[in-house]
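Remarks on the structure that follows.
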Amino acid sequence: MQIRLGYELVYECPQRTPMILTLNVHYSRVSDLVVPDHIVTQPAVPLVAYRDGFGNWCSRIVAPPGEIRISTNAVINDPGLPDARDPGAVQHAVEDLPSETLVYLQGSRYCETDRLSDIAWSLFDKTPLGWARVQAISDFVHNHIRFGYEHARATKTALEAFHEKVGVCRDFTHLGVAFCRCMNIPARYCTGYLGDIGVPPTAAPMDFSAWFEVYLGGRWHTVDPRNRVPRIGRVLIAQGRDAADVPLSNAFGPNTLKGFRVWTDELKAAA
């Protein structure tokens with residue numbers, strides 16, 4: 001199947017404002033692009049691309065005073081399969097983990113493993129190791145947090161989401177990531193596109209999505225406590241320790257987000 005995906009972000013800046021954009025499809029999916037996701041700005045400004053410390057593609061611009069429109073409109077091939085499940089995936093002892101996964105066991109800006117450790121062990125100590133434990137964590141987070149865009153807050157942490165019991169997909173993800181790390185399972189935060197493909201459409205406006213990956217059985221597996229069930233058409237943009245590592249945009253100066261649209265639509269095959 002093919003998916004048309006893209007966005008249009010409109011910022012207003014009172015002065016020249018440097019920005020870092022993390023908006024390109026992850027390098028692991030670049031070969032699937034049929035129409036590239038080139039970033040277009042109006043007015044046109046120079047763009048310098050680089051890879052960050054996690055391997056994500058990032059772009060640097062300097063927005064001029066006034067309004068700037070940042071957009072893309074791409075097409076990507078997708079296998080059309082739901083997220084893979086592997087109930088037999090085993091949990092590695094910490095001493096056997098690859099060195100590159102260890103950073104995803106540590107606490108981070110939004111995932112306070114030190115403050116959540118006792119809670120995590122009281123909730124999940126009796127669950128089987130491996131996939132079953134991750135599933136138990138995902139199920140708990142799904143049932144514990146009530147979704148609502150009105151509950152979004154850029155500063156909300158995993159601990160706050162646990163106590164407040166409301167949030168958006170990033171809050172589900174942060175709490176799931178923190179609990180997995182507390183239980184010695186490497187977990188990394190992911191952001192990307194996830195449309196209503198294979199599920200009933202919702203009336204809510206389309207947005208970027210957050211989920212996480214865990215390292216079990218020698219590889220990374222997708223986990224989505226917000227949706228809970230395997231989904232079709234997930235397209236990764238970036239990975240990191242938490243949302244602080246993968247902001248879609250990071251502006252170094254005052255700015256106002258005046259417009260925000262995201263689309264992820266399955267393209268129907270020609271008759």
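Residues in the range 139-151 that are in a helix (DSSP H, G or I) and surrounded by fewer than 22 Cβ atoms within 10 Å (Cβ to Cβ): ASP139, PHE140, HIS142, ASN143, HIS144, TYR149, GLU150, HIS151.
The rows are residues; the columns are (1) over 17 Å from ALA238 (Cβ atoms); (2) part of a strand (DSSP E or B); (3) outside the structural domain of LYS258 (by TED's automatic domain parsing); (4) β-branched (Val, Ile, Thr).
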{"position": "ILE20", "(1), (2), (3), (4)": "no, yes, no, yes"}
{"position": "LEU23", "(1), (2), (3), (4)": "no, no, no, no"}
{"position": "SER28", "(1), (2), (3), (4)": "no, no, no, no"}
{"position": "VAL45", "(1), (2), (3), (4)": "yes, no, no, yes"}
{"position": "ARG60", "(1), (2), (3), (4)": "no, yes, no, no"}
{"position": "ASN73", "(1), (2), (3), (4)": "yes, yes, no, no"}
{"position": "ILE76", "(1), (2), (3), (4)": "no, yes, no, yes"}
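Listed here are the residues, each with its yes/no results for (1) under 29 Å from LEU175 (Cβ atoms); (2) touching a Phe, Trp or Tyr at 6+ places or on another chain (Cβ under 7 Å); (3) not β-branched (Val, Ile, Thr).
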residue	(1), (2), (3)
ARG69	no, no, yes
THR72	no, yes, no
VAL103	yes, no, no
GLN106	yes, no, yes
ARG109	yes, no, yes
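Would you confirm whether any residue within the range 149-171 is within 23 Å of VAL90 (Cβ to Cβ) and touching a residue at least 40 places away in the same chain (Cβ under 8 Å)? No; the residues of the range 149-171 include none that is within 23 Å of VAL90 (Cβ to Cβ) and touching a residue at least 40 places away in the same chain (Cβ under 8 Å). When the residues of the range 212-250 are filtered to those that are among the aromatic types (Phe, Trp, Tyr) and over 10 Å from the mean Cα position of the chain (by Cα), which remaining residue is farthest from LEU194 (Cα to Cα)? Once the filter is applied, the top-ranked residue is TYR215.
Criterion first (at pLDDT below 95 and within 27 Å of GLU160 (Cα to Cα)) does ARG241 satisfy it? No: the conditions fail for ARG241. Filtered by the rule that a residue be assigned to a helix (DSSP H, G or I) and basic (Lys, Arg), the range 92-133 gives ARG115, ARG133. Touching a Ser or Thr at 6+ places or on another chain (Cβ under 8 Å) and touching a residue at least 40 places away in the same chain (Cβ under 8 Å): is that true of CYS111 in this structure? Criteria met by CYS111. Inside the range 165-199, residues that are farther than 14 Å from VAL214 by Cβ, among the basic types (Lys, Arg) and crowded, with 22+ Cβ neighbours inside 10 Å make up a count of 1.
I need the full set of residues from the range 1-58 which are of a type in the set (Val, Ile, Thr) and in contact (Cβ under 8 Å) with a residue 40 or more places away in the chain, in order please. ILE3, VAL10, THR17, ILE20, THR22, VAL25, VAL34, VAL35, listed by residue number.
Tell me yes or no: at least one residue of the range 103-112 is over 30 Å from LYS268 (Cβ atoms), modelled with pLDDT of 95 or more, polar (S, T, N, Q) and out of contact with any helix residue (DSSP H, G or I) (no Cβ under 6 Å at 6 or more places or on another chain). Checked the range 103-112: at least one residue is over 30 Å from LYS268 (Cβ atoms), modelled with pLDDT of 95 or more, polar (S, T, N, Q) and out of contact with any helix residue (DSSP H, G or I) (no Cβ under 6 Å at 6 or more places or on another chain). Of the residues ALA136, ALA154, ALA89, the single one that is at pLDDT 95 or above, in a loop (DSSP other than H, G, I, E, B) and of a type in the set (Gly, Ala, Ser) is ALA89.
Restricting ASP78, ASP118 to residues that are acidic (Asp, Glu), touching a residue at least 60 places away in the same chain (Cβ under 8 Å) and farther than 15 Å from ILE185 by Cβ narrows the list to ASP78. Annotation: VAL134 fulfils all but one of (1) surrounded by fewer than 17 Cβ atoms within 10 Å (Cβ to Cβ); (2) under 18 Å from the mean Cα position of the chain (by Cα); the unmet one is (1). ALA269 meets each of the listed conditions (1) of a type in the set (A, V, I, L, M); (2) within 25 Å of VAL166 (Cα to Cα); (3) modelled with pLDDT under 95 apart from (2).
The values are calculated or read from the model by the stated rules, or taken from the named source; none is laboratory data. From a predicted model like this one, the values you see are computed outputs, not experimental measurements. Heads up, the Cβs are rebuilt from the backbone with ideal geometry, glycines too, and the neighbour counts pull from every protein chain shown.
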